[in-house]
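Trainee: Right, I'll just put the structure down here and ask away after.
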Amino acid sequence: MWLKVAAVLAGLVSVALACQPGAFAYCPGAQLHHAQLTGANLYSSTLSEASLFRARAAGANLENANLRGADLRMADLTGANLTGADLRGASLKGALLISATLDGADLRGADLRRSDLMLASLHGADLQGADLAFAYLRDSDLQGANLRESRLWWAKLLGTNLQGVDLSFASLRWTVLEQTDLSQVALREQTEFPCSTLRPLEVAFYRLER
């Protein structure tokens with residue numbers, strides 16, 4: 001019996017050690033809400049379904065991290081490196097992503113409502129079906145990003161680079177689009193623009209797919 005108890009305790013200890021945040025860490029479902037992770041190296045770590053609510057991870061390295069379904073609401077990810085990260089279905093509502101790098105990140109179905117993405121880089125990011133309602137994207141770079149079927153209600157795209165972005169079937173109701181690079185944007189007739197601050201001259205740059 002004592003051997004069984006010892007084995008269980010050893011297993012628990014090994015799991016606890018394995019879930020110490022760090023490069024290549026395996027921490028699915030970890031409870032890291034309010035965690036202090038500023039500047040942490042979390043390269044290629046597995047944090048799927050983890051709770052990072054209000055975590056402080058400014059400047060953290062989360063390149064190629066698995067954050068699928070993670071709770072990152074109100075997290076501070078200012079200047080964080082999320083290149084190639086898997087954020088499918090993750091909740092980033094109200095998150096600070098100022099100057100963050102999300103190039104090539106997978107954000108399909110992610111909740112980015114009221115997130116601050118000012119000066120963020122999302123080159124080639126996949127945001128299909130993502131919810132960006134009320135998001136702040138001033139001077140951010142979304143060149144080549146996939147925004148098909150996304151929702152951008154009341155989002156503010158001020159000076160945003162949307163060159164080569166796919167906005168097919170996206171909904172841009174009441175979206176603010178000012179001083180935004182819309183060259184070679186792909187649209188379909190189903191893309192919604194009701195009440196958006198879209199200037200007539202900008203429409204000429206669109207490529208309408210049929």
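The values are calculated or read from the model by the stated rules, or taken from the named source; none is laboratory data. Worth saying up front: this structure is predicted, and the values here are computed from it rather than measured. Note that each Cβ is placed from the backbone with ideal geometry, even for glycine, and that neighbours are counted across all protein chains shown.
Trainee: Suppose we filter the stretch 172-192 for residues that are farther than 17 Å from ALA130 by Cβ and modelled with pLDDT of 80 or more; how many remain?
Mentor: Result for the stretch 172-192: 6.
Trainee: Let me ask something additional. Might you check whether a residue that is surrounded by fewer than 22 Cβ atoms within 10 Å (Cβ to Cβ), touching a Cys at 6+ places or on another chain (Cβ under 9 Å) and part of a loop (DSSP other than H, G, I, E, B) occurs anywhere in the stretch 104-119?
Mentor: For the stretch 104-119, residues surrounded by fewer than 22 Cβ atoms within 10 Å (Cβ to Cβ), touching a Cys at 6+ places or on another chain (Cβ under 9 Å) and part of a loop (DSSP other than H, G, I, E, B): absent.
Trainee: Considering only residues that are assigned to a strand (DSSP E or B) and under 22 Å from TRP174 (Cα atoms), which ones fall in the stretch 120-141?
Mentor: ASP131, TYR136, ASP141 - these are the residues of the stretch 120-141 that are assigned to a strand (DSSP E or B) and under 22 Å from TRP174 (Cα atoms).
Trainee: For the stretch 32-57, which positions are assigned to a loop (DSSP other than H, G, I, E, B) and in contact with a Leu (Cβ under 7 Å, 6 or more places away or on another chain)?
Mentor: LEU32, HIS33, ALA35, LEU42, LEU47, SER48, ALA50, LEU52, ALA55, ALA57
Trainee: Within the stretch 62-84, work out how many residues are buried (at least 20 other Cβ atoms within 10 Å of the Cβ) and under 20 Å from GLN36 (Cα atoms).
Mentor: Qualifying residue count, the stretch 62-84: 16.
Trainee: Still on this structure: Could you figure out which of (1) farther than 16 Å from GLU178 by Cβ; (2) assigned to a strand (DSSP E or B) isn't true of LEU157?
Mentor: (1)
Trainee: Within the group LEU137, LEU87, which residue is buried (at least 24 other Cβ atoms within 10 Å of the Cβ), of a type in the set (A, V, I, L, M, F, W, C) and under 18 Å from LEU182 (Cα atoms)?
Mentor: LEU137
Trainee: From the list LEU152, LEU132, which residue is closer than 17 Å to LEU87 by Cβ and touching a Ser or Thr at 6+ places or on another chain (Cβ under 7 Å)?
Mentor: Criteria check complete, one pass: LEU132.
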